[in-house]
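Q: Sharing a structure with you now.
The values are calculated or read from the model by the stated rules, or taken from the named source; none is laboratory data. Just so you know, these numbers come straight off a predicted model, no measurement behind them. Here the Cβ positions follow ideal geometry from the backbone for every residue, glycine too, while neighbour counts run over all protein chains shown. The protein model used for the area step is the full one, side chains on, heavy atoms only, and it has no ligands, DNA or RNA in it. Shrake-Rupley method; radii C 1.70, N 1.55, O 1.52, S 1.80 Å.
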Amino acid sequence: MQLGFYFDQTRCIGCNACTVSCKDWNQVNPGPVRWRKQENHEKNNGLSVFENLTMSCNHCEEPACMAACGANAITKTDKGIVIVDRNKCQQLLSCIIACPFSAPHIADNLQEPKKGENWIVDHPMQKCKFCWERIEDGNAPVCVSACPVRALDYGDIDDLQRKYPDAVRMNKTDFPYAYSLNSITVTDTKPSFFIKKRAKLPFSDVIK
């Protein structure tokens, strides 16, 4: 099994319910770490046409972060969820450099003032864990449950592709703004993220 996310750009209203619920459920304090982010991207040559994108860790089939981690702190579960063992992390930062989507994060002292009892470093890497504890209880990830317009869904990627045949897998051609400019990864990591793209508006509709 490989779990993944689905996102409908035509439904998203940019309300940030997904990002706020993620921070609340996972008790991520205010600061530089964002397990899920929502951003607007301007299209059509500056004519104020926007595409929303909400994205967390994409739990890639071939995660670059896991391959790069010299501490063997990153693994995949039998459901395809990419997990970091914060007790093993040595803050080598190789995962951050390798990830094409800037999913791994390091907190600062204000965001994470107390060091974990078994941590090797003050601030081990953290990121979206696909709400695996909710999955084990038969519930959806909290971001999916919180979306008021049902723009997010999840499931096995084969099921998602059958359920949403018009969705495309995250890729650099369609979504260049989703990729980190600092990443050293050049190969496709096969992100488990499928998106229904917002249709391009005719020029006449844009200027009305």
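Q: Please list L110, L92 in order of solvent-accessible area, largest first, computed with a 1.4 Å probe with all protein chains present. Please report the intermediate quantities before stating the final value.
A: Details: L110 155, L92 95 Å².
The ordering from most to least exposed comes out as L110, L92.
Q: Dipole magnitude of the chain about its Cα centre, charges +1 at Lys/Arg Cβ and -1 at Asp/Glu Cβ only, in debye to the nearest 20? Display every interim value, and only then the final one.
A: Numbers: 26 positive and 24 negative charges, 83 e Å.
So the dipole magnitude of the chain works out to roughly 400 debye.
Q: Pull up the cross-link candidates among the aspartates and glutamates for K197, meaning alpha carbon to alpha carbon under 19 Å and not fewer than 8 places away within one chain.
A: Cross-link targets: D8, E39, E42, E51, D153, D158, D159, D166, D174, D205.
Q: Here's a follow-up. Taking the chain as the reference, fit the longest principal axis to its C-alpha atoms, fit the long axis of helix 17-26 to the helix C-alpha atoms, and give the angle between the two in degrees, 0 to 90, nearest 10.
A: 10
Q: Starting from the Cα of K76, draw a straight line to each of the aspartates and glutamates and keep only those under 14 Å, dropping any in the same chain fewer than 8 residues away.
A: Here the aspartates and glutamates satisfying the reach criterion relative to K76 are E61, E62, D85.
Q: Does anything in segment 117-148 have its amide N under 14 Å from the 7 Å Cα→Cβ label point of V20, and if so which residues?
A: Hits in segment 117-148 for V20 at 14 Å: 143, 146-148.
Q: Another question, then. Whole Å is fine, so just give me how far the alpha carbon centre of segment 145-205 lies from that of segment 58-86.
A: If we compute the Cα centre of each part, the gap is 20 Å.
Q: What distance in nm lies between label points placed 7 Å from Cα along the C-beta direction at D174 and Q111?
A: Computed distance between label sites D174 and Q111 equals 2.9 nm.
Q: Test of understanding: extend the Cα→C-beta vector of S145 to 7 Å, then name every residue of segment 82-112 with backbone N under 20 Å from that spot.
A: Label zone hits: 82.
Q: Okay, next question. May I ask which of K88/K129; K23/K127; K127/K190; K79/K129; K37/K163 have a Cα-Cα span longer than 20 Å here?
A: Details: K88/K129 16 Å; K23/K127 11 Å; K127/K190 18 Å; K79/K129 12 Å; K37/K163 25 Å.
With Cα atoms farther than 20 Å apart: K37/K163.
Q: Probe 1.4 Å, all protein chains in place: accessible area of D153 in Å², nearest 10?
A: 30
Q: Considering only protein heavy atoms and a 1.4 Å probe, what is the carbon-and-sulfur percentage of the accessible area of segment 83-208? Let's see the in-between values first.
A: Values: 3790 of 7330 Å².
Carbon-and-sulfur percentage of accessible area, whole number: 52.
Q: Quick one: accessible area per residue over the chain, 1.4 Å probe, rounded to a whole number of Å²? Don't skip to the answer; put the middle values down first.
A: Working: 11190 Å² over 208 residues.
Result: 54 Å² of accessible area for each residue.
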